[in-house]
Structure formats: structure tokens, C-alpha cells
Amino acid sequence: MALWGGRFSQESSALFKLFNDSLPVDYRLIEQDIVGSIAWATAITQVGVLTTDECTQLHAALNELLAETAENPELIIASGAEDIHSFVEQSLIAKVGDLGKKLHTGRSRNDQVATDLKLWCKKEGQEQLELLAKLRAALIELAEREIDAVMPGYTHLQRAQPVLFGHWCLAYVEMFERDISRLEDALKRADTCPLGTGALAGTAYPMDRVKLAHSLGFASPTLNSLDTVSDRDHVVEICSDASISMMHLSRMAEDLIFFNSGEAGFIELDDEVTSGSSLMPQKKNPDALELIRGKTGRVYGSLIGILTTMKALPLAYNKDMQEDKEGLFDVMDSWAICLEMAALVLSGLQVNRERTLSAAQQGYANSTELADYLVAKGMPFREAHHVVGEAVVVAIAKQTPLEDLPLEELQSFSAMIEADVYECLTIESCLAKREALGGTSLPQVKSALAGKQANN
């Protein structure tokens, strides 16, 4: 039976029921709906709606239902209920009779679902934080293992200056730490309890909403009933945080896909996270990374979906808001599996040090060092930049590195160049000079890694 049937003289059409019912999606809120109902039973007992004995019976029946559905979740969908709230109420009535009909006193599905969803976001958000921490730890471990491997850094996907592989790892640690911070911040704002605000105007029963909020693990109750039942900022924020984090995951995946390519050959991915071709026996494809990259668009889509759903809704609750959960659930599922998969990829990754070093020595990555050398001799940087550009043109024509040009030829570009120039053109020199905070010199990277390890 529907929770709202008294006003109607005929049954809903089968098509409307299929269109309207949300149980196939919101069944995932079963634990939160039952926990919220237990807290509500206590709250209405404290204002005289229920006796202590009735409250005890309801608590026992609700806990029994929680155990039953945990053991056999198929019971929920098989019930054919309109939504998770209807399922819980109908199941409760089946257990305790008319007493089950008392539980909804002073409560609306509007504040009920808002409470359920916030409880779910808090729980799932904590699990995402744990997965982000594990990915961060995997990057730190990889940075430690390959800290001094030399590789080319890129701008515009062109070889730019040499960097250490450990420095590359720690760049993504910075990104994922920002993701952790953003999600923690969003969960703080979601830590307010909607229960007790009714359909839109508040409950008619003088309950202690602060005490009710604390009983459910919230920091405080919400302060405006109209806003409470129509607020889905927490859904938008979490989808936004997930989208930013997925963007970071996708960028890392793209880097590793390129590093793994035959053209680069910088890394070897473990067999555990790669697949082959049905036609070409030699293929070893980075499917895990490509799927991370692909699922990013899916997460973005859910963010745009909830923003678009909410953008023109009048106060207070509207049925449009039933569309809040499917996208959110998919976002959290996709984000979680991508975080887990990324950590697994990193755990088995091997760096081809000879190949990365060779690539770093090519592409005239030491050109800036030659310019800095001339600046140290007294030449203005813009002039030094031009002089080195001319030298690079000649080196390219001869297909030789800058450091292999004879001294006499280098001196033809500037009389300031002396025999000590070759000392500054080595890879070791290029790296060692990046000693400022945040640079890629080995001491700086070791210091940065130590700081991350201390906070891991």
C-alpha cells in the first residue's frame, strides 16, 4: 500500500508506478533509513507520542529488519514497495502491527530522505577518504622506490628539462592531498541533521533537534526547514570533489599511458592490470589506465546532471530531486574503483631507468643551463636565450647534443663561453641546480618525500 493513498480514489497506472517508484535506486539507503527511524522513535517517545514500551518494540523490530536485509538484500527489491521508506514502514507494520503506523508521526519523507542521504554521504565519504589515502601511500612508496630515476619533464608534450621520477610521483601526491582536503571540507558542511524539519515547515512536536542530531552522529541540526528539505548541496559538492579527483586520476593515467607506449618505453606495467589483443599476440594494453581515463567523463556527466536538475527548482521539495541519488551512487562507485585500480597499477609499476635517462639526455633539455651559464658570466638573460637558441639550431642540424659541440664552436656563439661550460651541461648538473624549495634536485625530492612519509 502507498503511504499516501487516502486522497486517491483509483490506483496508479502500472506505467506511472514504474516511472515514479525509486526503490530500484534508493534501496541502497536501507541502513540509513532504519538507523534514522530508530532515532526518530526515540525522539517522539521523548515528547510523549510513544510509550517507552512501544519505543522498545519498534527498536527491536527495526534492528531485526536491519539484520534481515543485511543477510538477504533481495528482500527489498522483491517487496515491490514505492521507495525505501515505504519498504521499511510496510515491513515494520508486518512485524508489530498498528504500532508500526505510529512511527511516521511528525515526520515527512522529505526530511527522512534528506537525512538518509546525508548519512550515506558521510559514511561513503569516509570510505573515499581511506581510498585516497591508500593511493597517496602507493605514490609515496613508488617515489621512494624510484626516487633518483632520471626522466625528461615535458611541456606541450615536448621534452623540456630533466626531472626525477620521484618528483613526478610527488606531483600527484600534491593533487590527491588537495582532493582529500576538499572532501573533508565538504563532509564538514554535510554534518548537519535534517530530521525534524518535516515536509517543509518543521515538525509540530517540540523535540530536541540538537539531541536528535547528536544521536545520529551529526555535529548539529539544520536551521531552516525550507532549505533543509530542498538542499542537495552536499550531493553537488561530493560530485564536484569526485570530478576534480577523477581529473587528477585521468591526468596521471594519461602520463602513464604515454610512458608505457612503445615510443617512450619509460615504464613496464604489471600483467595484473593489462590485457591483450584478440588478434595481435604481441599486444599488452594499458586497459586499467584507459578505463580510469574513460570513467572520468561519466563522473563529470553526473555532476552536470545534478547541477542541471537543481538549477531552477523553487522551494521547497520537488519530485525532480528524486534524480539526486542515481548519479551520486554511480559517481561514488566509479570514483572508488578508479582509486583502487590506480593504487594497484602503481604497486606493480617498474621504471626503465636506462630508457628514461637516455630520453632525458636528448631533446636539448640542458639548453636552459647553457643560458644560465651565460647569465652567470654577465650576459642579460634575453640575450643569452637568443644565443643558446642559435647554438641549438646548429646542434640539431648536426644531430648532436649541445655538450658534444666542440668548445671552439660554442665560443663562436659567445666569447663568454669557456672550458668550464661542459660542467654545467651534464644531467647531474641540471638536476643539482634545482635546489630551491619545490625543485627536482635529489636533496629537495628526498626532503619532500620525508615530509610526505611523516604525514602518511
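The values are calculated or read from the model by the stated rules, or taken from the named source; none is laboratory data. Nothing here was measured: the structure is a model prediction, and the numbers come from that model. Cβ coordinates were reconstructed from backbone atoms using ideal geometry, including for glycine residues, and neighbour counts include every protein chain displayed. Areas reflect the complete protein model, heavy atoms only, side chains present, ligands, DNA and RNA absent. Shrake-Rupley method; radii C 1.70, N 1.55, O 1.52, S 1.80 Å.
For segment 265-319, the relative contact order comes to 19 percent (Cα pairs under 8 Å, sequence separation of at least 6). Of the whole protein surface, residue 321 contributes about 0 Å² of accessible area at a 1.4 Å probe radius. Computed over segment 26-140, the P(r) tail beyond 16 angstrom holds 62 percent of alpha carbon pairs. Once you list every other residue whose beta carbon is under 11 Å from the beta carbon of residue 44, what net charge do they have if Lys and Arg are +1 and Asp and Glu are -1? Overall, the nearby charge balance is +1.
For residue 298 and residue 396, the difference between the fully extended length at 0.36 nm per residue and the C-alpha to C-alpha distance is 30.9 nm. Computed from the C-beta positions of residue 429 and residue 181, the FRET efficiency with R₀ = 30 Å rounds to 0.25.
Probing with 1.4 Å while keeping every protein chain in the model, the per residue accessible area of the chain equals 49 Å². Note: relative contact order over the chain, using C-alpha pairs below 8 Å and six or more positions apart, is 16 percent. Exceedance of the 25 Å cut-off in Cα-Cα distance is limited, within the set 95/122; 102/123; 101/188; 17/319; 377/398, to 95/122; 102/123; 101/188; 377/398. On a per residue basis, the convex hull of the C-alpha atoms belonging to segment 171-271 measures out at 131 Å³. Taking the C-alpha atoms only, the angle from helix 165-189 to the longest principal axis of the chain is near 20 degrees. Counting only alpha carbon atoms, the long axis of helix 52-71 and the longest principal axis of the chain meet at about 50°.
Excluding same-chain neighbours fewer than eight residues apart, the aspartates and glutamates reachable from residue 211 by a Cα-Cα span under 15 Å are 191. Extents of segment 300-456, taken as max minus min of Cα coordinates on every principal axis and listed largest first, are 80, 37, 31 Å. The computed mean projected area of the Cα convex hull in nm² for the structure shown corresponds, within [x] 25.7; [y] 29.9; [z] 23.1, to [y]. Compared with the dominant Cα axis of the chain, that is its longest principal axis, helix 84-96 is turned about 40°.
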